[in-house]
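Visitor: Pasting in a structure now, in structure tokens, and then I'll have a few things to ask.
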Number of protein chains: 2
Amino acid sequence: MDNFIFTSPTYFVFGKDTENKAGEMVKKFGGTKVLIHYGGGSAVKSGLIDRVKASLDKENIPYILLGGVQPNPRSGLVYEGIELCRKENIDFILAVGGGSAIDSSKAIAGGVLYDGDFWDHHSGKSVEKALPVGTVLTIAAAGSEGSGNTVITHENGMFKRGCRTDILRPKFSILNPELTCTLPPFQTACGITDIMAHLYERYLTNTKDVEVTDRLIEGLLLSVINEAPKVMKNPQDYNARANIMWAGTLAHNNVCGVGRTQDWTGHSIEHELSGLYDCAHGAGLAVTMPALFSYVLGHDVARFAQIAVRVWGCQMDFANPEITARKGIEALRQFLISIGMPKNFEELGAKEEDIPYLVDALCCGNGRPGYIEGFVKLDKNDCEKIYKLMV
Amino acid sequence: MDNFIFTSPTYFVFGKDTENKAGEMVKKFGGTKVLIHYGGGSAVKSGLIDRVKASLDKENIPYILLGGVQPNPRSGLVYEGIELCRKENIDFILAVGGGSAIDSSKAIAGGVLYDGDFWDHHSGKSVEKALPVGTVLTIAAAGSEGSGNTVITHENGMFKRGCRTDILRPKFSILNPELTCTLPPFQTACGITDIMAHLYERYLTNTKDVEVTDRLIEGLLLSVINEAPKVMKNPQDYNARANIMWAGTLAHNNVCGVGRTQDWTGHSIEHELSGLYDCAHGAGLAVTMPALFSYVLGHDVARFAQIAVRVWGCQMDFANPEITARKGIEALRQFLISIGMPKNFEELGAKEEDIPYLVDALCCGNGRPGYIEGFVKLDKNDCEKIYKLMV
């Protein structure tokens, strides 16, 4: 196990009706003037924004609103948010929505106090300070409510880049599983896929003797696999929604990723897809994961066999572990199909003829050295083959 | 799943040589004059205290020392520590040791800023404020390095009582598994038993649909069961020590206990044993757990069968789940014996003739209403039978 530092100071308020505590939480963490940052109309139409506003009114905390965050949140709105916060002397950002609203809020929070282009933070420069961020989560997926991560798509080129720092971890996150009960099935399934990807990308490690984190990841995957069919069948199943929501947070606050190398080539490969086609991140991951895992399986057959046995309940083929390893990947693929995810480029809306562009953007875009590296080092030739496996 | 609040803001610094960062961490969290609070001679003899002092010297942070914390830490030293901190204007307490040194430090931290007897905090009064506490952990066991708990034995009557509040969670905890490599086997095994008890006491819940927390607990138990024999065979096995240490922290920072009722009758039953006989807490738990679990098994056979199958690898007897449930408890009992724990009153140093006293202290001591309650409500008659099962 490698040395590590871990801190997850976010104050989680979990359960029914908890959005009504938003004002109380902003006050607890010192906010005196708030930007409520959110996405489309559903948060307004459902009455959620009104409930959040009422809870701020109750604490006599003034606020302004900035909606319009899109899935795969864009740089343009971040620049707009930064200007608005400066002009209005905002000292707290409250994200209401999913990973997109939260990621956009974090990017704004870092940008407001930075004397330069916020995109620097997404190009490797560390964030020195940021406004505090709180969240009211409406979809279990990105894990951004408990992480220091933010991923933004730059409109000049449509490429996605991430930034990670403990400074951007939310001060509080309000998690009410009821808010996710009205999500369309496709969005629910995309969220579940994203959660599973966060777990798989941590599972694929080159560090030895990481029993505890292996077991935690397996436990969270088992939970999601057990609960997902329940919410696909009955979207109102509160307890299944609750289990998936807490699993989603723990999948990405890094409690199960410490002391080990992680992968993240899967997310990189996917980011080019959702960057170019604006498809749902989860849908892109559903197509990416089985292809990537099949391609890199030979790097550590035992690890893929382990997850096949412990998570997917495959019988171990002791004479030929690769058979077991492949069965686990196939079980993942079938599971993702069963919850309504796309299985190939066509269903995703991607095009085979774009592969050279995708490969180039992936391996050489934004200053990358001609390859990506995680569990396995993947050069342009490898990445081309992986994209072709998705066709 | 029940509504919950969860926060675990402790900054964990994990790995080899990390004790040399103690000074840097105290500075990061605002300490300007430190009480180093520790136990017996081993922390001095091993050179650990010298390394911690050197790291404080490097940051020009003055300190004073207060050693002598005993296992099952006593109220007398807490009173002494409180007086010393006030006299010396201490603003940070650095615990160097195991759960006893940390618990004693927390009790002092709460007492220094309280205008009354610190024991009030162990009698139900909430802690309003406390000095910040940091830790350098030397044994994987109590989980106090990541929790808001402190358990103290009052010397006037020799009874143990706990206190729990997020205010007492350490600001930072330094976890170097190397420091645990020199522990005697008995202490190592006692620590492992304590970790397992923290997991079992959370597992025994009356809340339904708690898949995620169930799976996390099972994963941590599986890890400990896998790693424990390695350290018993080879005390220098760094990776096994590291896995057990991180499991011990996560077993008790409550990440796997949220949203569900918990038990803790096992700890209460044991506290009377270590309070009266001054036996090791882990040893007392090893004798308590199988007896308690056998006694309450009928309350939820399915839950005991689930842990038997998922954690202990027992075959499920679908026609008679109670058989499986009992096999799981027997597997726990045999495991504890295998790592050198006592199996009954005699081996623990407890006496059958004391049972009436133990039952009375347990159910009626310190203002208790004549029973204890957790997974199952246990009156004096129940508790008598449970203690008799340990004979």
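Visitor: Give me the base-10 log of I(q)/I(0) for segment A:79-149 at each q in 0.13, 0.24 Å⁻¹, Debye formula, one uniform scatterer per Cα, rounded to two decimals.
Guide: The computed values of log10 I(q)/I(0) come out as -0.34, -1.08.
Visitor: Using only the alpha carbons of segment B:1-59, determine the length spanned along each of the three principal axes and report them from longest to shortest in whole angstroms.
Guide: Principal extents (largest minus smallest coordinate, Cα): 48, 25, 23 Å.
Visitor: Using amide H atoms built 1.01 Å from N in the peptide plane, name the residues 5+ places from A:VAL376, or on other chains, whose amide H lies under 5 Å from its own.
Guide: So A:VAL376 has HN proximity to no qualifying residue.
Visitor: Shortest first, in nm, what separates the label point of B:GLY367 from those of the same position in the other copies (7 Å along Cα→Cβ)?
Guide: Shortest to longest, the spacings are 6.1 nm.
Visitor: Still on this structure, please answer the following. Spelling out what I want: for every residue of segment B:20-27, take phi, set θ = phi - 60°, compute 6.51 cos²θ - 1.76 cosθ + 1.60 (Karplus), and round to whole Hz; glycine and proline get x.
Guide: Whole-Hz 3J(HN,Hα) from phi for segment B:20-27: 6, 9, 4, x, 4, 5, 4, 5.
Visitor: Can you pull out the buried accessible area for chains A and B, both sides counted, probe 1.4 Å, rounded to the nearest 100 Å²? Please report the intermediate quantities before stating the final value.
Guide: On the way: alone 15870 and 15840 Å², together 28300 Å².
Approximately 3400 Å², summed over both chains.
Visitor: So, in Å, what gap is there between the alpha-carbon centers of segment A:108-156 and segment A:5-79?
Guide: Answer, in whole Å: 15.
Visitor: Determine one quarter of the surface area of the Cα convex hull of the protein assembly as shown, which equals its mean projected area, and express it in nm² to one decimal. Walk me through the numbers on the way to the answer.
Guide: Numbers: hull surface 131.3 nm².
Mean shadow area of the hull around the Cα atoms is 32.8 nm².
Visitor: What does the charge count around A:ALA305 come to, taking other residues whose C-beta lies under 12 Å from its C-beta (Lys +1, Arg +1, Asp -1, Glu -1)? Present the calculation step by step, with values, prior to reporting the outcome.
Guide: Values: positive: A:ARG303, A:ARG310, A:ARG326, A:LYS327; negative: A:ASP300, A:ASP317, A:GLU322.
Net of charged neighbours comes to +1.
Visitor: Once you have a ≥ b ≥ c as the square roots of the Cα gyration tensor eigenvalues for segment A:117-214, tell me rounded if a/c is under 1.5, and otherwise prolate or oblate according to whether a/b is larger than b/c.
Guide: Details: a/c = 1.44, a/b = 1.10, b/c = 1.31.
It is rounded, given that a/c, with a ≥ b ≥ c, falls under 1.5.
Visitor: If you restrict to DSSP beta bridges whose two residues both lie in chain B, what percentage is antiparallel, to the nearest 5?
Guide: If I count the DSSP bridges inside chain B, around 30 percent turn out antiparallel.
Visitor: Follow-up. Taking amide hydrogens as modeled 1.01 Å from N in the peptide plane, which residues meet the under 5 Å criterion relative to A:TYR63, leaving out close sequence neighbours?
Guide: A:VAL34
Visitor: Hey, for A:GLN334 with labels 7 Å out along Cα-Cβ, what do the inter-copy distances come to in nm, ordered shortest first?
Guide: Shortest to longest, the spacings are 3.4 nm.
Visitor: Going by accessible area, probe 1.4 Å, with all protein chains left in place, what is the ranking of A:HIS198, A:HIS271, largest first? Intermediate values should be presented prior to the final figure.
Guide: On the way: A:HIS198 5, A:HIS271 25 Å².
Ranking A:HIS198, A:HIS271 by accessible area, largest first, yields A:HIS271, A:HIS198.
Visitor: I've got another one for you. Can you sort A:ARG164, A:ARG368 by solvent-accessible area, 1.4 Å probe, largest first? If you can, show how the numbers build up before the last one.
Guide: Numbers: A:ARG164 150, A:ARG368 70 Å².
Ranked list, largest accessible area first: A:ARG164, A:ARG368.
Visitor: Just the number, please: percent antiparallel of the DSSP beta bridges in segment B:133-284, rounded to the nearest 5. Don't skip to the end; give the middle numbers.
Guide: Values: 6 of 10 bridges.
Bridges in segment B:133-284 that DSSP calls antiparallel: roughly 60 percent.
Visitor: Count the lysine pairs in segment B:16-69 whose Cα atoms sit under 13 Å apart, keeping only pairs 8 or more residues apart in sequence or on different chains. Don't skip to the answer; put the middle values down first.
Guide: Numbers: B:LYS21/B:LYS53; B:LYS21/B:LYS58; B:LYS27/B:LYS58; B:LYS33/B:LYS53.
Lysine pair count for segment B:16-69: 4.
Visitor: Further, regarding this structure: Most fluctuating residue of B:VAL212, B:VAL52, B:VAL78 in a GNM of chain B with Cα springs under 10 Å: which is it?
Guide: B:VAL212
Visitor: Here's a follow-up. Run the helix sum for the protein assembly as shown: -39,500 (n - 2.57) per DSSP H stretch of 4+ residues, divided by residue count, reported at 222 nm to the nearest 500 deg cm²/dmol.
Guide: On the way: 30 runs with 372 residues, N = 782.
That calculation yields -15000 deg cm²/dmol at 222 nm.
Visitor: Could you tell me how far the Cα centroid of segment B:191-254 sits from the Cα centroid of segment A:367-391, in Å?
Guide: Measuring centre to centre over Cα atoms gives 38 Å.
Visitor: Indicate the residues belonging to segment A:13-51 that lose 30 Å² or more of solvent-accessible heavy-atom surface (probe 1.4 Å) upon moving from the chain alone to the assembly of all protein chains, ignoring ligands and nucleic acids.
Guide: For segment A:13-51, once contacts with the other chains are taken into account, A:PHE14 lose 30 Å² or more.
Visitor: Still on this structure: Loop-only check: which trypsin sites (Lys or Arg not before Pro) in segment A:71-162 are DSSP coil with at most 10 other Cβ within 10 angstrom? It would help to have the intermediate numbers written out before the result.
Guide: Details: sites: A:ARG74, A:ARG86, A:LYS87, A:LYS106, A:LYS125, A:LYS129, A:LYS160, A:ARG161; in loops: A:LYS125, A:LYS129.
Filter output for segment A:71-162: A:LYS129.
Visitor: Quick one: work out the % antiparallel among DSSP beta bridges in the protein assembly as shown, nearest 5. Could the numbers behind the result be given before it?
Guide: Values: 25 of 71 bridges.
Among the beta bridges of the protein assembly as shown, antiparallel pairing accounts for roughly 35 percent.
Visitor: Can you pull the mean other chain C-beta count within 10 Å for peptide A:201-211? Before the final figure, lay out the partial values.
Guide: Numbers: counts 0, 0, 0, 0, 0, 0, 1, 1, 8, 5, 15.
For peptide A:201-211, the averaged partner shielding equals 3.
Visitor: Could I ask something else about it? Once Lys and Arg get +1 and Asp and Glu get -1 on their Cβ, which of A:CYS190, B:GLY259, B:SER223 lies farthest toward the positive end of the dipole of the protein assembly as shown?
Guide: Ranked along the dipole, the leading option is B:GLY259.
Visitor: Determine the sum of side-chain charges near A:PHE172: Lys and Arg each +1, Asp and Glu each -1, restricted to other residues whose C-beta is under 11 angstrom from that of A:PHE172.
Guide: On the way: positive: A:LYS21, A:LYS27, A:LYS28, A:ARG169, A:LYS171; negative: A:GLU24, A:GLU145.
Surrounding charge for A:PHE172 is +3.
Visitor: Per 0.36 nm of contour for each residue apart, how much would the distance between B:GLU322 and B:LYS380 grow if the chain were fully extended, relative to their Cα-Cα spacing?
Guide: Values: separation 58, 0.36 × 58 = 20.88 nm, distance 2.56 nm.
Between B:GLU322 and B:LYS380, full extension yields 18.3 nm more.
Visitor: Points 7 angstrom from Cα along the Cβ direction at A:ASN344 and B:LYS58: gap in nanometres?
Guide: 5.9
Visitor: Which parts of segment B:229-256 would a label at B:ASP2 reach, counting a residue when its backbone N lies under 19 Å from a point 7 Å out along Cα-to-Cβ?
Guide: Only B:251-256 fall inside the zone, counting backbone N under 19 Å.
Visitor: Another question, then. Could you run the Karplus curve 6.51 cos²θ - 1.76 cosθ + 1.60 with θ = phi - 60° over segment B:339-351 and give me ³J(HN,Hα) per residue in whole Hz, x for Gly and Pro?
Guide: These are the phi-based 3J(HN,Hα) values: 9, x, 7, x, 10, 7, 3, 4, 5, 7, x, 9, 10 Hz.
Visitor: Which trypsin sites (Lys or Arg not before Pro) does segment B:1-62 hold that lie in a coil by DSSP with at most 16 other beta carbons within 10 Å? If you can, show how the numbers build up before the last one.
Guide: Values: sites: B:LYS16, B:LYS21, B:LYS27, B:LYS28, B:LYS33, B:LYS45, B:ARG51, B:LYS53, B:LYS58; in loops: B:LYS16, B:LYS33.
Here the trypsin sites (Lys or Arg not before Pro) that fit, given the DSSP loop and packing criteria, are B:LYS16, B:LYS33.
Visitor: Give, as a single signed number, the net charge of other residues whose beta carbon lies under 13 Å from the beta carbon of A:ASP360, with Lys and Arg counted +1 and Asp and Glu -1.
Guide: Details: positive: A:ARG368, A:LYS380; negative: A:GLU272, A:ASP354, A:ASP379, A:GLU384.
Here the count lands on -2.
Visitor: Return the average number of partner chain Cβ atoms within 10 angstrom of each residue Cβ along peptide B:236-244. Walk me through the numbers on the way to the answer.
Guide: Numbers: counts 0, 1, 2, 7, 3, 1, 8, 9, 2.
The shielding value for this peptide is 4.
Visitor: Quick one: which residues, 5+ away or cross-chain, put their amide H under 5 Å from the amide H of A:ASP2? H built at 1.01 Å from N.
Guide: Sorted by chain and number, the residues that satisfy this are A:ARG260.
Visitor: Another question, then. Measuring nothing but label to label, 7 Å from Cα along Cα→Cβ, what are A:PRO184's distances to the other copies in nm, shortest first?
Guide: Relative to the other copies, A:PRO184 has label-point distances of 6.7 nm.
The values are calculated or read from the model by the stated rules, or taken from the named source; none is laboratory data. No experiment lies behind these values; they were computed from the predicted model shown. FYI the Cβ positions are ideal-geometry reconstructions off the backbone, even for glycines, and counts take in every protein chain you see. Please note that ligands, DNA and RNA were not included when accessible areas were found on the heavy atoms of the full protein model with its side chains. Shrake-Rupley method; radii C 1.70, N 1.55, O 1.52, S 1.80 Å.
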